[in-house]
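The values are calculated or read from the model by the stated rules, or taken from the named source; none is laboratory data. What you are looking at is a predicted structure, and each value in this text was computed from that prediction instead of being measured. Counting neighbours? That spans all protein chains shown, and the Cβs are built from the backbone with ideal geometry, glycine included.
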């Protein structure tokens, strides 16, 4: 049996905790460059992927206009399988805004702790999203904590630092 190559996966990054770094000059955490490409290369992922930075923002700073820009970018991209790294506070709102895009598998994921931290969920969430985007039917999903969520039925639970169905 001959193995068929997987489609290239397009990854758009928006910032969020997953990309936060400590800035010594500011004495604060700032959104840095996208970490997802390095994470996937370090994990020896063999599926072709391309990373495109859309924004470097905390998700609370993403506007509805930017969500519409991202929606146009995703809809116009030739890739059928899309992963979006996003801050966790408004990830569900961006996923909802993308929900009218047809014939693509779109998975949003992020992290409660920066990818640069030793104690982070970033690598696991990105790995889960990468598998989900290859196996789920067309639609928009939020993937966090080893679970796949409907963007209209998910809520961030800050107490447990996980996502829950609503």
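Of note:
- Test: residue 52 is at pLDDT 95 or above and in a strand (DSSP E or B): yes
- If only residues of the stretch 42-54 that are closer than 18 Å to residue 122 by Cα and without any contact (Cβ under 8 Å) to a residue 24 or more places away in the chain are counted, the one that is surrounded by the fewest Cβ atoms within 10 Å (Cβ to Cβ) is 44.
- Some residue of the stretch 71-83 being within 11 Å of the chain's Cα centre (by Cα), in contact (Cβ under 8 Å) with a residue 24 or more places away in the chain and under 16 Å from residue 154 (Cα atoms): no
- When residues in the stretch 86-97 are screened for being under 14 Å from residue 75 (Cα atoms) and in contact with a strand residue (DSSP E or B) (Cβ under 6 Å, 6 or more places away or on another chain), 1 of them pass.
- Where residue 28 falls short, out of the listed (1) at pLDDT 95 or above; (2) in contact with a strand residue (DSSP E or B) (Cβ under 9 Å, 6 or more places away or on another chain): (1)
- Sub-6 Å Cβ pairs linking a first residue in the stretch 137-160 that is within 19 Å of residue 123 (Cα to Cα) to a second residue that is surrounded by fewer than 19 Cβ atoms within 10 Å (Cβ to Cβ), at least 6 apart or interchain, are 141/148; 145/162, ordered by first then second residue.
- Of the criteria (1) in contact with a strand residue (DSSP E or B) (Cβ under 6 Å, 6 or more places away or on another chain); (2) over 23 Å from residue 66 (Cβ atoms); (3) crowded, with 17+ Cβ neighbours inside 10 Å, which one residue 39 fails: (1)
- Residues located in the stretch 55-68, provided they are assigned to a helix (DSSP H, G or I) and either surrounded by 14 or more Cβ atoms within 10 Å (Cβ to Cβ) or over 16 Å from the mean Cα position of the chain (by Cα) (or both): 59, 61, 64, 65, 66, 67, 68
- Check on residue 83, surrounded by 15 or more Cβ atoms within 10 Å (Cβ to Cβ) and touching a strand residue (DSSP E or B) at 6+ places or on another chain (Cβ under 6 Å): yes
- Yes/no for residue 23 being farther than 17 Å from residue 83 by Cβ, touching a strand residue (DSSP E or B) at 6+ places or on another chain (Cβ under 7 Å) and without any contact (Cβ under 8 Å) to a residue 12 or more places away in the chain: yes
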